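Trainee: Have a look at the structure that comes next, please.
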Amino acid sequence: MVNATIRSIDPTGNVSTVAGTPGVTGSNDGTGTVATFNGPLGLALDNSNDLFVADSLNDTIRVMSPITTSVATFAGSAGSVGSTDGYRTSARFNQPSGLAFDGVAGIYVTDTNNDTIRKIDLNTWTVSTVAGSAGNVGSTDGSGSNALFNHPVGIAYDGTAFFYITDTGNGTIRKMDAAGNVTTVAGTAGVVGAKNAVGSAASFNQPLGLAYDGSGHLFVADAGNSLVRKIVIASKKVSTVLGVAGQAGVIAHTPGAPKSVGAGKAGLNDPVGLAFSPIVGLFIADEAENVILVEH
């Protein structure tokens with residue numbers, strides 16, 4: 001986010017900068033280092049391998065070709081904050097954070113400061129609000145605008161029917177179908193903690209990134225607790241898989257060497273982003289330590 005760049009990591013850990021220039025913020029469209037970003041957060045690939053980027057502080061959704069590295073503004077207008085639905089750049093966002101592709105033709109967006117979930121239809125190139133009500137904060141389960149959120153950030157699709165959302169301000173994990181029907185899966189709004197339990201009896205502290213492993217497990221970057229949690233979706237059982245609650249691990253790190261992390265071992269310090277690879281494992285963006293970790 002702070003470097004305002006898009007980087008790539010291959011399975012052996014080689015890192016390269018694909019677009020943007022470190023420390024140079026802006027909203028320029030262009031190829032490679034000519035393009036500029038401002039606080040890029042969520043990423044999602046569509047079926048054509050176009051990479052969508054939530055350019056959060058520009059209040060836009062950008063699209064990049066991983067092959068040519070050309071970047072264009074797909075939706076929203078840099079510096080124009082709002083909640084308007086509409087066609088491409090006529091739509092408005094307020095610090096969009098997370099993106100998830102539905103496998104068909106929809107990119108779902110956590111529009112964080114609007115407290116809504118938006119959808120970009122890749123067939124019509126239009127933006128619509130699926131759930132939540134812009135400017136109305138809450139924790140109500142329900143359908144469409146009757147459902148309320150409090151600064152949603154992460155979003156992940158299970159590959160079949162449901163999206164999972166970190167409702168960060170509420171400290172909960174929510175579930176939504178494509179029609180915008182929202183329920184709470186784990187945690188209780190306003191209850192902060194690190195309790196491992198089932199459903200509403202579990203607690204979180206500023207959950208951010210999400211990743212689904214394709215086998216019924218949802219991983220949560222529980223940033224305020226310096227943990228990675230796991231939710232078994234069928235049972236709603238929450239457990240800790242990495243870190244110790246409240247014990248941020250600042251461990252000397254040699255590039256290329258694994259860090260000593262695991263359940264019951266400190267070693268995470270503000271985990272914010274997650275991605276799951278069936279080949280490599282769980283990638284963890286540890287913001288405070290400026291490293292990417294892998295849990296195999």
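The values are calculated or read from the model by the stated rules, or taken from the named source; none is laboratory data. What you see is a predicted model; the values in this text were computed from it and never measured. Every residue, glycine as well, gets a Cβ built from its backbone with ideal geometry; the counts of neighbours run over all protein chains shown. We work out accessible area using only protein heavy atoms, side chains counted, and drop any ligands, DNA or RNA first. Shrake-Rupley method; radii C 1.70, N 1.55, O 1.52, S 1.80 Å.
Trainee: Among the residues of the stretch 179-206, write down those that are part of a loop (DSSP other than H, G, I, E, B), under 16 Å from residue 233 (Cβ atoms) and not hydrophobic (A, V, I, L, M, F, W, C).
Mentor: 187, 196 - these are the residues of the stretch 179-206 that are part of a loop (DSSP other than H, G, I, E, B), under 16 Å from residue 233 (Cβ atoms) and not hydrophobic (A, V, I, L, M, F, W, C).
Trainee: So the check is Cβ under 9 Å with 6+ separation or different chains; which pairs have a first residue in the stretch 8-23 that's at negative phi and open to solvent by 50 Å² or more (accessible area, probe 1.4 Å) and a second one that's modelled with pLDDT of 95 or more and in a loop (DSSP other than H, G, I, E, B)?
Mentor: 17/5; 22/4; 22/5
Trainee: Could you list, in sequence order, all residues of the stretch 207-225 that are within 15 Å of residue 243 (Cα to Cα) and either open to solvent by 10 Å² or more (accessible area, probe 1.4 Å) or part of a helix (DSSP H, G or I) (or both)?
Mentor: 219, 223, 224, 225
Trainee: Which residue, of 29, 85, 55, is in contact with a Lys or Arg (Cβ under 9 Å, 6 or more places away or on another chain), acidic (Asp, Glu) and surrounded by 19 or more Cβ atoms within 10 Å (Cβ to Cβ)?
Mentor: Just a single option satisfies the conditions, and that option is 55.
Trainee: Got a sec? Which of 183, 160 is of a type in the set (S, T, N, Q) and at pLDDT 95 or above?
Mentor: Result: 183 is the single residue among 183, 160 that is of a type in the set (S, T, N, Q) and at pLDDT 95 or above.
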